[in-house]
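S.K.: A single structure is presented below for examination.
Values quoted throughout were computed directly from the atomic coordinates according to the rules given, and no laboratory measurement underlies them. No experiment lies behind these values; they were computed from the predicted model shown. Every residue, glycine as well, gets a Cβ built from its backbone with ideal geometry; the counts of neighbours run over all protein chains shown.
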Amino acid sequence: MIRRDKYGPNTFENFILLHEKHLREREHFIEENLLRGPLFGEDGSIYIGGLLRCKGHTFLKVEKTIAILANGWVETIDYAYHGGVSFPEDRAIFRFDNAHGVHEHHVFDPVTGVEFGLPRALTREEWPHLSECLDMLEAWCFEYGRCADSGEA
Amino acid sequence: MAKTIRLIEQQKNDPAYQLEQIRDLFRRIHAGEVEYGVPWQEAHAAVRSGQIYETFEVCSWLIDINRLNRMIDRA
């Protein structure tokens, strides 16, 4: 059986549909959606960026560029998803990015904010979606954060 | 979904919007140069060499620089 590459190009309509659907499905966890976009960018690509404030004082910062291919389909080319917690102090939890050409996963100590070692290079199957980062943040919040305490999320 | 697609189509066909986007991009890239003390052309190398510690904000800057490079390629 041929499995479709979930990171491969998609139609523009499907991309927008999935982006909106994935955010809608996580409304129970997202407290405030401060994302800008999708916007048409100066380089002819589509841009999504900004902040999602989530339960348990967690947040996800997003920066994402989606290229429009010659056939009109779209594909994510640059991304940075930064999960963190803002209380009692602003601390990083994880970041996925490919900003300088390498797909990487950074993990941080949320108590000290110090990065745990070097970032790990990701295989293509591990490249994250925004929705997967939100799921990871929610799981973290229940395991180590304040989501379980307050019965939130 | 239809609303989002309509909005993007409007932006695509609005020269004033496009110009403002370009101005914003230049402003952000220049602000990064001032903050990190490296010209934009050397930003990727500076992050790779460890001269600049990579944070989310640095990633945003690099992504902006990637956009500028694509604009130059298209010109």
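S.K.: Based on the alpha-carbon gyration tensor of the protein assembly as shown and its eigenvalue square roots a ≥ b ≥ c, which shape applies: rounded if a/c is under 1.5, prolate if not and a/b is larger than b/c, or oblate? Before the final figure, lay out the partial values.
M.R.: Details: a/c = 1.60, a/b = 1.19, b/c = 1.35.
Since a/c reaches 1.5 but b/c is at least a/b, the shape of the protein assembly as shown is classed as oblate.
S.K.: Counting partner chain Cβ atoms within 10 Å of every residue's Cβ in A:14-23, what's the average?
M.R.: 2
S.K.: Between A:Tyr144 and A:Ser131, with labels modelled 7 Å along Cα→Cβ, what's the label distance in nm to one decimal, could you check?
M.R.: Taking the simple label geometry, A:Tyr144 and A:Ser131 are separated by 2.6 nm.
S.K.: Also, I was wondering about something else. Do any cysteines in the protein assembly as shown lack another Cys Cβ under 4.7 Å, and if so which?
M.R.: Result for the protein assembly as shown is A:Cys54, A:Cys133, B:Cys59, no neighbouring Cys Cβ within the cutoff.
S.K.: In addition: What does the average come to when, for each residue of peptide A:7-13, you count the partner chain Cβ atoms lying within 10 Å of its Cβ? Please list the in-between numbers first.
M.R.: Values: counts 0, 0, 0, 0, 0, 3, 4.
Mean shielding by partner chains, rounded to a whole number: 1.
S.K.: Cβ under 12 Å from B:Glu35's Cβ, B:Glu35 left aside: what net charge do those residues give with Lys, Arg +1 and Asp, Glu -1?
M.R.: With Lys, Arg at +1 and Asp, Glu at -1, the neighbours total -1.
S.K.: Provide the packing ranking of A:117-128, A:48-59, i.e. peptides ordered by the mean count of other C-beta atoms within 10 Å per residue, highest first.
M.R.: Top to bottom by mean Cβ count within 10 Å: A:48-59, A:117-128.
S.K.: Also, quick follow-up: Note the angle between two axes, namely the Cα long axis of helix A:130-143 and the longest principal axis of the Cα atoms of chain A, as a number of degrees from 0 to 90, rounded to the nearest 10.
M.R.: 10 degrees
S.K.: Could you tell me the center-to-center distance, by alpha carbons, between the range B:3-75 and the range A:110-139 in angstrom?
M.R.: Value for the Cα centre distance between the two parts: 23 Å.
S.K.: Follow-up. Please compute the modelled spin-label separation between B:Glu42 and A:Ala70, points set 7 Å along Cα→Cβ, answer in nm with one decimal.
M.R.: Rounded to a tenth, the inter-label distance reads 3.7 nm.
S.K.: So what's the angle, to the nearest 10 degrees on a 0 to 90 scale, between helix B:56-74 and the longest Cα principal axis of chain B?
M.R.: Relative to chain B, helix B:56-74 is tipped by roughly 60 degrees.
S.K.: I would also like to ask the following. Pick from A:Ile16, A:Ile46, A:Ile66: which is most flexible by mean-square fluctuation in a GNM of chain A where alpha carbon atoms under 10 Å apart are linked?
M.R.: A:Ile16
S.K.: Also, I was wondering about something else. Under the definition of partner shielding as Cβ atoms of other protein chains within 10 Å of a residue Cβ, what is the mean value for peptide A:74-85? Mind dumping the intermediate values first?
M.R.: On the way: counts 0, 0, 0, 4, 9, 2, 9, 2, 5, 1, 1, 0.
Average per residue, whole number: 3.
S.K.: Just to confirm the number: angle between the C-alpha axis of helix A:12-25 and the first principal axis of chain A, 0 to 90 degrees, nearest 10?
M.R.: Result, in degrees: 20.
S.K.: If you don't mind, another one. Any chance you could run the full-extension gain for B:Leu19 through B:Thr55? It's 0.36 nm times the residue separation minus the Cα-Cα distance, nm to one decimal.
M.R.: 10.1 nm
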